[in-house]
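K.L.:
This structure is in structure tokens; I'll ask about it shortly.
Taken together, the values in this text are just the output of simple stated rules run on the coordinates, not laboratory data. The shown structure was predicted, so the numbers you read here are calculated from the model rather than taken from an experiment. As a convention, Cβ positions derive from the backbone with ideal geometry for all residues, glycine included, and neighbour counts pool all protein chains shown.
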Amino acid sequence: MDPALREDLKAEVDDVWSETVRHLPLAGGQQDPGRAASEIAAVLRTGDRGAEGMNFGRGVRARAGVTADGGYLRIDRATYPDLVVRKGDKVVALDREAQPVFEVQSVDDRSHLRLICELGDAS
């Protein structure tokens with residue numbers, strides 16, 4: 001893919017889907033003195049949509065809402081080149097009702113475009 005086109009596409013996705021999150025770096029369950037907390041804009045997708053099968057007729061269950069049961073956070077590396085996210089850190093979704101908190105389960109840093117963090121429920 002043309003690099004300029006890729007950058008334009010990534011910017012458009014971020015304009016539509018990104019939201020403000022607070023990154024809380026932790027080490028051993030305590031604030032990490034070597035990394036500062038920060039507020040960033042990133043794409044946060046939550047809820048296990050794969051587990052929702054198609055179900056028609058009786059027994060149809062409506063999705064009541066998205067809870068803090070996990071998901072993925074995709075961070076633009078060009079915008080936040082110095083951000084270090086590690087397993088065990090916390091992320092707060094500031095734009096969402098009740099500001100749910102997630103724990104970073106894993107970080108995939110192999111992409112040169114984005115850090116991809118798998119999130120779990122922090123409570």
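K.L.:
List the residues, sorted by chain then number, that are 5 or more residues from residue 70 or on another chain and whose placed amide H is less than 5 Å from its amide H.
P.N.:
Result for residue 70 returns 47, 121.
K.L.:
Would you list 95, 32 from fewest to most Cβ contacts within 10 Å?
P.N.:
Numbers: 95 11, 32 16.
Least to most surrounded, the residues fall as 95, 32.
K.L.:
Moving to a separate point now. Kirkwood Rh over Cα pairs of the range 66-123 into Stokes-Einstein at 37 °C, 0.692 mPa s: D in µm²/s?
P.N.:
Stokes-Einstein gives a translational diffusion coefficient of 280 µm²/s.
K.L.:
Ranking 101, 13 by Cβ neighbours within 10 Å, fewest first, what do you get?
P.N.:
Working: 101 16, 13 13.
Lowest count first: 13, 101.
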